[in-house]
Amino acid sequence: MPDLSQDLAGIHLCSPLIAAAGTAGYGPELASVDGLRGLGAVVTKSITLESRTGNPPMRVTDLQCGMMNAVGLANVGLDRFIAETALTIRDLPIPAIPSIAGGSIDDYEQVAAAMQAMAFVKAVEVNVSCPNTDDGRAFAESPESLQSLLVDIRSVLKRTAMIVKLPLDFGKPSAAAEVAVEAGADALTIMNTVPAMAIDVRTRRSRLGRMAGGASGPGIHPLAVRMVADVHRDVAGPAGVPIIGLGGVMRWQDAAEFILAGASMVGIGTALFVDPRRPRKILKGLTRWVRSQGCQRLDELVGAMER
Ligand SMILES: Cc1cc2nc3c(=O)[nH]c(=O)nc-3n(C[C@H](O)[C@H](O)[C@H](O)COP(=O)(O)O)c2cc1C
């Protein structure tokens, strides 16, 4: 049996598959439908300093190529996360990685510091790229603002790994990734949803409760594969920083593509809404694929695309 386990900044993952932020609740929700098998870790929905009710309905809509959401970072807020949610996720059979978000650097710092204070939290994922809130995209909009944010969070996270979740790249293909690696990211998640819009042509209104949202699912997969390949080649590969490839993984072949492009781990989001037990099927297919490629370890195939 080939070895598909991975090391994420010192955290042992029994599988390279990770449930994506916001698509598995805080983790226990996915566990309640027997959805954790096949996964190596679960990322929580993004936590902000204050609780957020999120955007008005409709918050999700289907697309021919996936789905679109404008949930708007609805979450319980830091205090309730610590008092209630953390108690349920620390006992999950796989590591839970809190995702953090905020409207200001100070917000992020406070949430990061509180996460680090909890012993079971070995890594946090920094969401700098949510397109669903008025303030959520600010930090990813320029290399300078991204750098100020990440340098500050890094200084707070002394013994906790910092995973930076990037949007579809701005400007030069790997500018955001360069900033994140220079700021000390231990891993990169590529990528968040893609800013998108869908219009109901009868009512002439947005199909979501706000004008725009974020597209996810199969339609964004090739965009994410390209970005993973560029970032792996130019930035993350040379720096030895692992990538979590995320976007449109519905089948094991999609996950295998990410691995060949340079991802060491693969996130699964939209597919969990279609079938919360999809990860175990994807892991099975990936395992067979690694063997069929004549490899003992998944690592041998990371970035192994013929160029
Ligand atoms: C309903 C929904 C809620 C999401 N919430 C968050 C979130 O709270 N934080 C975050 O960083 N990403 C969030 N995402 C983005 C996903 O983590 C992921 O980056 C994106 O959906 C692309 O992956 P996929 O095509 O496999 O779904 C959300 C996505 C969806 C569909």
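The values are calculated or read from the model by the stated rules, or taken from the named source; none is laboratory data. If you're wondering where the values come from, they're calculated on a predicted model, not measured in any experiment. Cβ atoms come from the backbone with ideal geometry, glycine included; neighbour counts cover every protein chain shown.
Brief remarks on what is shown
- For the residues Thr189, Thr193, the requirement of being in contact (Cβ under 8 Å) with a residue 40 or more places away in the chain, within 11 Å of the ligand (Cβ to nearest atom), β-branched (Val, Ile, Thr) and within 20 Å of Pro57 (Cβ to Cβ) singles out Thr193.
- Test: residue in the stretch 241-251 that is more than 29 Å from Arg288 (Cβ to Cβ), of a type in the set (Lys, Arg) and assigned to a loop (DSSP other than H, G, I, E, B): no
- The stretch 50-91, subset of a type in the set (Gly, Ala, Ser) and in a helix (DSSP H, G or I), residue nearest to Ala212 (Cα to Cα): Ala86
- Test for Ala261: is it within 21 Å of Leu17 (Cα to Cα) and either touching a Cys at 6+ places or on another chain (Cβ under 6 Å) or buried (at least 19 other Cβ atoms within 10 Å of the Cβ) (or both): yes
- Subset of the stretch 74-117 [under 14 Å from Gly25 (Cβ atoms) and of a type in the set (A, V, I, L, M)]: Ala74, Val76, Ala86, Ile89, Leu92, Ala96, Ile97
- Single condition Val302 does not satisfy, out of (1) under 22 Å from Val241 (Cα atoms); (2) among the aliphatic types (A, V, I, L, M); (3) within 13 Å of the ligand (Cβ to nearest atom): (3)
- The set of residues in the stretch 1-42 being more than 24 Å from Val290 (Cβ to Cβ), in a strand (DSSP E or B) and in contact with a Gly (Cβ under 9 Å, 6 or more places away or on another chain) consists of Ala24 alone.
- Residue list for the stretch 195-235, filter: buried (at least 20 other Cβ atoms within 10 Å of the Cβ) and either of a type in the set (Lys, Arg) or in contact with a helix residue (DSSP H, G or I) (Cβ under 7 Å, 6 or more places away or on another chain) (or both): Ser216, Gly217, His221, Val225, Val228, Ala229, Val231, His232, Val235
- Summed over the stretch 254-292, residues that are outside any loop (DSSP other than H, G, I, E, B), out of contact with any helix residue (DSSP H, G or I) (no Cβ under 7 Å at 6 or more places or on another chain) and within 14 Å of the ligand (Cβ to nearest atom) total 6.
- Within the stretch 77-130, considering residues that are polar (S, T, N, Q) and more than 16 Å from the ligand (Cβ to nearest atom), the one nearest to Pro242 (Cα to Cα): Gln116
- Counted residues, the stretch 120-148 - those being at pLDDT 95 or above, assigned to a loop (DSSP other than H, G, I, E, B) and not basic (Lys, Arg): 2
- Boolean, Val151 is over 29 Å from Asp200 (Cβ atoms), in contact with a Pro (Cβ under 7 Å, 6 or more places away or on another chain) and not in a loop (DSSP other than H, G, I, E, B): no
- Residue within the stretch 92-101 that is farther than 30 Å from Leu4 by Cα, in contact (Cβ under 8 Å) with a residue 40 or more places away in the chain and within 19 Å of the chain's Cα centre (by Cα) present: yes
- When the stretch 261-273 is filtered for residues that are more than 15 Å from the chain's Cα centre (by Cα) and more than 17 Å from Val42 (Cβ to Cβ), the ones remaining, listed by number, are Ala261, Gly262.
- Only residues that are among the small types (Gly, Ala, Ser), modelled with pLDDT of 95 or more and touching an Asp or Glu at 6+ places or on another chain (Cβ under 7 Å) were counted in the stretch 71-104, giving 2.
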